[in-house]
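The values are calculated or read from the model by the stated rules, or taken from the named source; none is laboratory data. Only a predicted model underlies this, so the values are computations on that prediction, with no experimental measurement involved. Heads up, the Cβs are rebuilt from the backbone with ideal geometry, glycines too, and the neighbour counts pull from every protein chain shown. Accessible surface areas use protein heavy atoms only, side chains included; no ligands, DNA or RNA. Shrake-Rupley method; radii C 1.70, N 1.55, O 1.52, S 1.80 Å.
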Amino acid sequence: MSDICNFLPPVPGNKDIAYHLFVYEAELHNLAQPFMKQDYCMHLAFRGNAVLQTEGKQYSLAPGTLFFTFPYQTYELIDKNKFTYLYITFNGPGVPALMEQFGIQKERVVFPNFGHLTDFWMTSIRRANPDNIQVLTESVLLHTLSFVDKIDKEKVIRVNREFDEILQYIYNNFADPEMSIAKVADIFGLSRKYFSALFAKN
């Protein structure tokens, strides 16, 4: 299947969110990179694998991975296995609040396990025509967002406080010859696996 690119016409009136493109990208190797768009982009990995490289970080993209980029953010998609994906570009004064509502930020842009929506996206883009493209694109974006888990802000604060306490303990007892992952995990009542994951994340 070849690329599909729908340009959405401007809508009269002042809307909080405007949708500009709904695209199926089948030939990543032909595109000039790195990318930088003036809009927010919601992407859904369709086939193959790639690596998203942005903000000094790398993320693995498998089929069904949902990922976001922000206006004027530079990013690259490194194709690992005939990667194809779909995306919607959107912008407007209502977008920052929408992104905040679902906890989507530059530190949290990749969401696995959205494969159940790939058929919906693909069916929608194939159905698109000038009469339905606006409402159809908005429906796809909002329906997809409804599956994004919100951040539990209280849990984030709790975990950050826990990490700070552990770090302070390590600094205070660094010279202890018996210092180990197991010992510190036991002192704080944590499993070694969780303790290691906490450090890897922070």
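Report the gain in length on full extension from Phe163 to Cys5: 0.36 nm times residue separation, minus Cα-Cα distance, nm rounded to one decimal.
52.3 nm
Would you kindly state the longest site-free stretch of the chain, with sites defined as chymotrypsin sites (Phe, Trp or Tyr not before Pro) in a DSSP loop (not H, G, I, E, B) surrounded by at most 11 other Cβ atoms within 10 Å?
73-173
Suppose all protein chains stay in the model; what accessible area per residue would a 1.4 Å probe give for the chain, in Å²?
On a per-residue basis, the chain sits at 58 Å².
Scan the chain and report its longest stretch carrying no trypsin sites (Lys or Arg not before Pro) that are both in a DSSP loop and have at most 13 other Cβ atoms within 10 Å.
Of all site-free stretches, the longest is 1-79.
Looking at the chain, I'd like the Rg to Rh ratio, where Rg is from alpha-carbon atoms and Rh is Kirkwood's inverse mean 1/r.
Over the Cα atoms of the chain, Rg/Rh equals 1.08.
Considering only Cα-Cα distances, which of the following residue pairs are longer than 26 Å: Lys57/Lys183; Lys37/Lys201; Lys37/Lys106; Lys82/Lys201?
Lys57/Lys183; Lys37/Lys201; Lys82/Lys201, as the Cα separations exceed 26 Å there.
Measuring from label point to label point, each 7 Å out along Cα→Cβ, what is the Glu100 to Ala182 span in nm?
The two pseudo-label positions are separated by 4.7 nm.
Using Cα pairs under 8 angstrom and six or more residues apart, how large is the relative contact order of the chain, in percent?
Relative contact order here is 20 percent.
Quick one: if the Förster radius is 41 Å, what FRET efficiency do Ala175 and Tyr59 give, using the C-beta to C-beta distance and rounding to 0.05?
0.60
Starting from 0.36 nm per residue, how many nanometres of slack lie between Ala32 and Asn81 once their C-alpha separation is accounted for?
That works out to 15.8 nm of additional length.
Just to confirm a number: summing +1 for Lys and Arg and -1 for Asp and Glu over residues other than Pro63 whose beta-carbon lies under 15 angstrom from that of Pro63, what do you get?
My count for the surroundings of Pro63 gives 0.
Which of the three applies to segment 68-115, rounded, prolate or oblate, going by the alpha-carbon gyration tensor with a ≥ b ≥ c and a/c under 1.5 meaning rounded?
prolate
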